[in-house]
1. Consider only pairs whose beta carbons are under 9 Å apart and that are at least six residues apart or on different chains; among these, list those whose first residue lies in region 27-44 and is within 14 Å of Asp2 (Cα to Cα) and whose second residue is open to solvent by 50 Å² or more (accessible area, probe 1.4 Å) and of a type in the set (S, T, N, Q).
2. With the requirement that a residue be over 30 Å from Asp2 (Cβ atoms) and under 20 Å from the mean Cα position of the chain (by Cα), what does region 45-57 give you?
3. Name every residue in region 60-93 that is of a type in the set (Asp, Glu) and open to solvent by 80 Å² or more (accessible area, probe 1.4 Å), in order of residue number.
4. Just the residues that are aliphatic (A, V, I, L, M), open to solvent by less than 60 Å² (accessible area, probe 1.4 Å) and under 20 Å from Ile82 (Cβ atoms), please, taken from region 1-56.
5. Across region 38-59, what is the number of residues that are in contact with a Ser or Thr (Cβ under 8 Å, 6 or more places away or on another chain) and of a type in the set (D, E, K, R)?
6. Of the residues in region 46-76, how many are among the hydrophobic types (A, V, I, L, M, F, W, C) and in contact (Cβ under 8 Å) with a residue 24 or more places away in the chain?
Amino acid sequence: MDKILKFGGSSVKDAEMILSVKDIIVKQSKNKRIAVVVSALGGVTDELIDSAKSAAERDDIYIKSLKKLKSRHLKVLEDLEIGDESIQIAKKI
């Protein structure tokens, strides 16, 4: 492996940024072998931690938070225009 690229947080916060990351990956992979690591969209990790704390405290607010996270991810998929079939699969999760 020549290079490892890691992206997460603000660098993958929405579809526009993900497309920028894609361009970087394409450029970097032209002349060398690379590995790519992608973590959560910006703010998702903190939101998941807060949701887990709410659930542990039996505060139903976590349900709203998880629905909001799902909607955010579905919007990114739609904005990336990855295809209706993939979006339908994601909606079932």
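The values are calculated or read from the model by the stated rules, or taken from the named source; none is laboratory data. Keep in mind the model is a prediction, meaning the values are calculated, not measured. Every residue, glycine as well, gets a Cβ built from its backbone with ideal geometry; the counts of neighbours run over all protein chains shown. Protein only, heavy atoms only, side chains kept; ligands, DNA and RNA dropped before computing areas. Shrake-Rupley method; radii C 1.70, N 1.55, O 1.52, S 1.80 Å.
1. Val36/Ser29
2. Taking region 45-57 first, the residues over 30 Å from Asp2 (Cβ atoms) are 46-57.
Asp46, Glu47, Leu48, Ile49, Asp50, Ser51, Ala52, listed by residue number.
3. At the first step, the residues of region 60-93 found to be of a type in the set (Asp, Glu) are 60, 78-79, 81, 84-85.
Selection gives Asp60, Glu78, Glu81, Asp84, Glu85.
4. Selection gives Val12, Ala15, Ile18, Val21, Ile25, Ala40, Leu41, Val44.
5. Step one: list which residues in region 38-59 are in contact with a Ser or Thr (Cβ under 8 Å, 6 or more places away or on another chain), which gives 39, 42, 45, 47, 50-51, 54.
Still in the list and also of a type in the set (D, E, K, R): 47, 50.
Summing the residues that are in contact with a Ser or Thr (Cβ under 8 Å, 6 or more places away or on another chain) and of a type in the set (D, E, K, R) in region 38-59 gives 2.
6. At the first step, the residues of region 46-76 found to be among the hydrophobic types (A, V, I, L, M, F, W, C) are 48-49, 52, 55-56, 61, 63, 66, 69, 74, 76.
Retained after the next criterion (residues that are in contact (Cβ under 8 Å) with a residue 24 or more places away in the chain): 69, 76.
Of the residues in region 46-76, 2 are among the hydrophobic types (A, V, I, L, M, F, W, C) and in contact (Cβ under 8 Å) with a residue 24 or more places away in the chain.
Conditions (1) at pLDDT below 95; (2) outside any helix (DSSP H, G or I); (3) among the aromatic types (Phe, Trp, Tyr), marked per residue:
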residue	(1), (2), (3)
Glu16	no, no, no
Leu19	no, no, no
Ile24	no, no, no
Val38	no, yes, no
Tyr62	no, no, yes
Ile82	yes, yes, no
